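Heads up: the structure comes next, in structure tokens.
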Amino acid sequence: MRMMIQFADKMVPYDVFVKDLAREIVVQMNEAQRNPSGIVSQNQAFKIYGAGNVRRWVSKGQLVPLSKRPGKIEYKVSDLDRLQHRQQDYF
């Protein structure tokens, strides 16, 4: 019998949940080592996550710039990672 975890919107096998959780932890640890500040410029965000994705997240209000200085817009890496790994339902 396979162990399942029930969430509000679906049931997930326990082993799948643990693997996804471990993968997310590794991604966050690697990102923290690459970028200890946890902040990227808009240009870097466009290159890493795709300009269309970043623009869509901002226009939908899902992503808010951390700071807006003249000529410099910055985002939190944790917010970008969270949005990148979110299951999209617009298809």
Read through the list (1) in contact with a helix residue (DSSP H, G or I) (Cβ under 6 Å, 6 or more places away or on another chain); (2) of a type outside the set (Phe, Trp, Tyr); (3) at pLDDT below 90, then give the number of the only condition that Ala45 fails.
(3)
Hits in segment 19-40 (condition: surrounded by 13 or more Cβ atoms within 10 Å (Cβ to Cβ) and without any contact (Cβ under 8 Å) to a residue 40 or more places away in the chain)
Ala32, Ile39
Top-ranked residue of segment 41-55 - restricted to ones that are of a type in the set (Gly, Ala, Ser) and over 23 Å from Val26 (Cα atoms), ranked as surrounded by the fewest Cβ atoms within 10 Å (Cβ to Cβ):
Gly52
Would you check which residues across segment 33-57 are under 13 Å from the mean Cα position of the chain (by Cα) and either assigned to a helix (DSSP H, G or I) or of a type in the set (S, T, N, Q) (or both) and list them?
Ala45, Ile48, Tyr49, Asn53, Val54, Trp57
Is it true that Asp9 is charged (D, E, K, R) and either open to solvent by 80 Å² or more (accessible area, probe 1.4 Å) or in a loop (DSSP other than H, G, I, E, B) (or both)?
yes
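Looking at this structure, is Ile73 open to solvent by 50 Å² or more (accessible area, probe 1.4 Å) and either assigned to a loop (DSSP other than H, G, I, E, B) or not hydroxyl-bearing (Ser, Thr, Tyr) (or both)? Please lay out each step first, then the result.
Numbers: open to solvent by 50 Å² or more (accessible area, probe 1.4 Å): yes; either assigned to a loop (DSSP other than H, G, I, E, B) or not hydroxyl-bearing (Ser, Thr, Tyr) (or both): yes.
The answer is yes for Ile73.
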Those residues of segment 56-91 which are more than 20 Å from Val27 (Cα to Cα), of a type in the set (Phe, Trp, Tyr) and at pLDDT 85 or above, in sequence order:
Trp57
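The values are calculated or read from the model by the stated rules, or taken from the named source; none is laboratory data. On a predicted model such as this, the values are computed, not experimentally measured, just so you know. So basically every Cβ, Gly included, is an ideal-geometry build from the backbone, and we count neighbours across all protein chains shown. For the accessible areas, the whole protein counts, side chains as well, though only heavy atoms, and no ligand, DNA or RNA atoms are used. Shrake-Rupley method; radii C 1.70, N 1.55, O 1.52, S 1.80 Å.
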